[in-house]
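The values are calculated or read from the model by the stated rules, or taken from the named source; none is laboratory data. Owing to the predicted nature of the structure, the values given are computational and were not obtained by experimental measurement. Because the Cβ atoms are built from the backbone with ideal geometry, glycine has one as well, and the counts that use them run over all protein chains shown.
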Amino acid sequence: MPAYIIGITGASGSIYALRLLEELSSRKCMAHIVATHNGKKVFEYETGCKVDNLSNLNKEFIVHDIDNFFSPIASGSFKIDGMIIVPCTMATLGEIATGTSKNLLGRAADVCLKEGRKLIIVPREAPLNLIHIENMLRLVRAGAVIFPAMPSFYGKPNNINDIVNTVVGRLLDALGVQNDLYSKWGF
């Protein structure tokens, strides 16, 4: 069974994390969920759901304590198929770029980089300053994928769910997970 780490921070865009988890659940994937303190607050504000209740979506979903460095996802010996941080604040992005693991989310991302595992970061900030861009460049050079939440509109979305699905579908594509959440160009 494929297993992924899903990181959630305090940036706006929690709808992407929720929709991604729904799709992983429907595909019988395991998810290790870790959210920052502000990530939990913003997630509940934007979605009406509590991060701590996300394990109710699927018995294979585990919510980890952000301060628990004894969690299995803190170790390179724990095998996962990839990690997505969605949404990702510039503060968390900066911590990962500098290798300063202040919590389990940063440590899990650092483990992905050191083990050569897929790490996808979905930054939610605009406009970007030079520090943001340099931190993103540093992460790309270290092996991460920077994946801004930029939906396409050639599929002519009818509502916000269609727009969210374009981003989530492309995230699933980046993980190598088959989906038909959005209209691909030329189809």
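A few notes on this one:
- All positions within region 1-41 that are out of contact with any strand residue (DSSP E or B) (no Cβ under 8 Å at 6 or more places or on another chain) and either of a type in the set (D, E, K, R) or without any contact (Cβ under 8 Å) to a residue 60 or more places away in the chain (or both): LEU18, ARG19, GLU22, GLU23, SER26, ARG27, LYS28, HIS37, ASN38, LYS41
- Selection status of ILE131, surrounded by fewer than 17 Cβ atoms within 10 Å (Cβ to Cβ), aliphatic (A, V, I, L, M) and either at pLDDT 95 or above or under 15 Å from the mean Cα position of the chain (by Cα) (or both): yes
- Count - residues of region 73-102 that are over 21 Å from LEU175 (Cα atoms) and surrounded by fewer than 17 Cβ atoms within 10 Å (Cβ to Cβ): 5
- Residues that are more than 23 Å from LEU172 (Cβ to Cβ) and either in contact with a helix residue (DSSP H, G or I) (Cβ under 6 Å, 6 or more places away or on another chain) or not aliphatic (A, V, I, L, M) (or both) within region 126-141 comprise PRO127, ASN129, HIS132, GLU134, ASN135, ARG138, ARG141, listed in sequence order.
- Breaking point among (1) hydrophobic (A, V, I, L, M, F, W, C); (2) surrounded by 14 or more Cβ atoms within 10 Å (Cβ to Cβ); (3) more than 16 Å from the chain's Cα centre (by Cα); (4) not in a helix (DSSP H, G or I), for VAL177: (3)
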